[in-house]
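J.: I'd like to ask you about the structure that follows.
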Amino acid sequence: MMAEDNATEAKTQPAVTVEELTCGRPFVVMAPHPDDDILGAGALMRQATESGIPFAVVFLTTGDASHDHPEWPPGRLVETRRAEAKAALATLLNREPPMLFCALPDGKVADNWGSATIDEIVLFCRRHNAHSLFVTDPADGHGDHKAAFGMACMVWGTGAVGALWTMPIGSRIAGLEPDDMFRALAVGGDAGIKREAIDRHGTQRGAVIPPEAGFTLTDPMIAPFLIEEFFWPVAGVDQTIEAPNDPGEFDELFKESADPWDYDVAPYEQVRFARTIAALDGRHFRRGLEVACAAGSLTEMIAPHCEHLLAVDASRAALTHAKRRLAPWPNVDVRLARMPEQLPEGRFDLIMLSDMLYYLGLRGLQTFLAMLIDRAESGAMIVLVNYLGPMAIALNGEKAAEAAIALARLRGWRLTLHERNDTMRLDRLEPAHQEA
């Protein structure tokens, strides 16, 4: 199903307090790199300290890939950046909070984390009685930030924390305005001390390594972080936006029209369909499954690639149109089913999940994808397509994709294709034991 109608008009992000963000309970900030913690959550940690709310910090990488300079080999950079992280937190808080350094390779988090890393972070969260976990937002351009979000989803899925929030860092450095789903925490009188803490990261501020040797945090980059910090409620915060999976809404739409989102003519849909079929690489599948088939526009294109194709949707009205459209295809079986509760029996070598995962919420997505992987044949392919426009949903397209990729990774699958444009992203997953 398309999600553009879930877009809301732009509005000012609602203001929140540290007590509202944390429920007044302990939390953990998970930073891909030393300095992400101060940039994204410096005021949160400062105000939590003043309110007596405990917290701890996880650093995923050593930060050793930020610069390339003959006088700063990786070993020296690792040691220095760790010392800077500690000094920055001590400056901000007048103390050092509990810290965990995972020492994953900088710039290569996505390829180097696994169950052992998740177990380590879960244990750390439980040791510090964390209720909430704050992590970088997957809309950040940096691959480590995206991977960190996926890892945080897996930590949340264990029950080690009750709430999951994201904080935009890379996107704000790039000058992008946060989406109106974010909640805003005013930095206020903490701006000066936060600035001092950021300056403790001298390697990143151009103070100890020539700026031309690598990444440098400039004053204009830092300026927005001294005014507000933003946090997006992903899971365990607001049930009204976490799993808006109501078939009745789609029934009403499909009663009014056989094509309420102009599947057959809209440019977005035409690109989505074309790229989806191209992702199949011309393969022929024994038994395919398409979830949320709607009126069958994409189903009709997938059908020639499958010996048998099972197309399901939760909307009875949509399936009325789908059955009529797909009547010329005897290899297509159209059924009414709501996911994940009514996943059909059987095994599949093609699983198509196009513009639907975000309707399940994070818990539903994790449950559903795990079930699908259990039903996948050896050598199967899972294709994920997610809309990237604004949506009034906690788990939007970017987050749904990264959460799914993280779960699949822990289940022995790998990403074999990734494409994106301004409005959509496509990801193809295949078992890791297959030859490339």
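Any read-out appearing in this document is the output of simple, stated calculations on the displayed coordinates, not a laboratory observation. Just so you know, these numbers come straight off a predicted model, no measurement behind them. Don't worry about glycine lacking a Cβ; one is built from the backbone with ideal geometry, like all the others, and counts go over all protein chains shown.
J.: Once you place label points 7 Å from the Cα toward the Cβ at residue 420 and residue 335, how far apart are they in nm?
T.: 3.4
J.: Cβ under 9 Å from residue 232's Cβ, residue 232 left aside: what net charge do those residues give with Lys, Arg +1 and Asp, Glu -1?
T.: In short, 0.
J.: Please order 39, 226 by the number of other Cβ within 10 Å, starting at the fewest.
T.: 226, 39
J.: Taking neighbour counts of Cβ atoms within 10 Å as a proxy for exposure, in what order, fewest first, do 356, 371 appear?
T.: 371, 356
J.: Once you charge only the Cβ atoms, +1 for Lys and Arg and -1 for Asp and Glu, what is the size of the charge dipole of region 173-212 about its Cα centre, to the nearest 20 debye?
T.: 220
J.: Could you run the Karplus curve 6.51 cos²θ - 1.76 cosθ + 1.60 with θ = phi - 60° over region 74-83 and give me ³J(HN,Hα) per residue in whole Hz, x for Gly and Pro?
T.: Taking θ as phi minus 60°, the curve returns x, x, 5, 5, 4, 4, 5, 5, 5, 5 Hz for region 74-83.
J.: Applying the Karplus parametrisation 6.51 cos²θ - 1.76 cosθ + 1.60 with θ = phi - 60° to the phi angles of region 390-395, what ³J(HN,Hα) value in whole Hz is obtained for each residue in order, glycine and proline being reported as x?
T.: The phi angles translate into x, 8, 8, 9, 4, 9 Hz.
J.: What longest range of the chain stays clear of loop-exposed GluC sites (Glu not before Pro) (DSSP non-H/G/I/E/B, at most 13 other C-beta within 10 angstrom)?
T.: For GluC sites (Glu not before Pro) (loop position, at most 13 other Cβ atoms within 10 Å), the longest site-free span of the chain is 72-340.
J.: Could you please state, rounded to a whole Å, how far the C-alpha centre of region 346-376 is from the C-alpha centre of region 108-170?
T.: What the calculation gives is 21 Å, centre to centre.
J.: Roughly how big is region 203-360's charge dipole about its Cα centre, with Cβ charges of +1 (Lys, Arg) and -1 (Asp, Glu), in debye to the nearest 20?
T.: It comes to approximately 720 debye.
J.: I've got another one for you. What ranking do 359, 263 get, fewest neighbouring Cβ atoms within 10 angstrom at the top?
T.: 263, 359
J.: What is the set of long-range amide H partners of residue 234 at a cut-off below 5 Å, with H atoms built 1.01 Å from backbone N?
T.: Here 164, 165, 166 satisfy the definition.
J.: Quick one: what are the phi-derived ³J(HN,Hα) couplings along region 26-33, Karplus 6.51/-1.76/1.60 with θ = phi - 60°, whole Hz, x for glycine and proline?
T.: Listing the rounded values in order: x, 8, 10, 9, 10, 10, x, 10 Hz.
J.: If we count trypsin sites (Lys or Arg not before Pro) as exposed when they sit in a DSSP loop and have at most 12 other beta carbons within 10 Å, what is the longest stretch of the chain that avoids them all?
T.: 96-282
J.: Going by average Cβ neighbours within 10 Å, how do the peptides 156-165, 53-62 rank, with the highest at the top?
T.: Sorting 156-165, 53-62 by mean packing, highest first, produces 53-62, 156-165.
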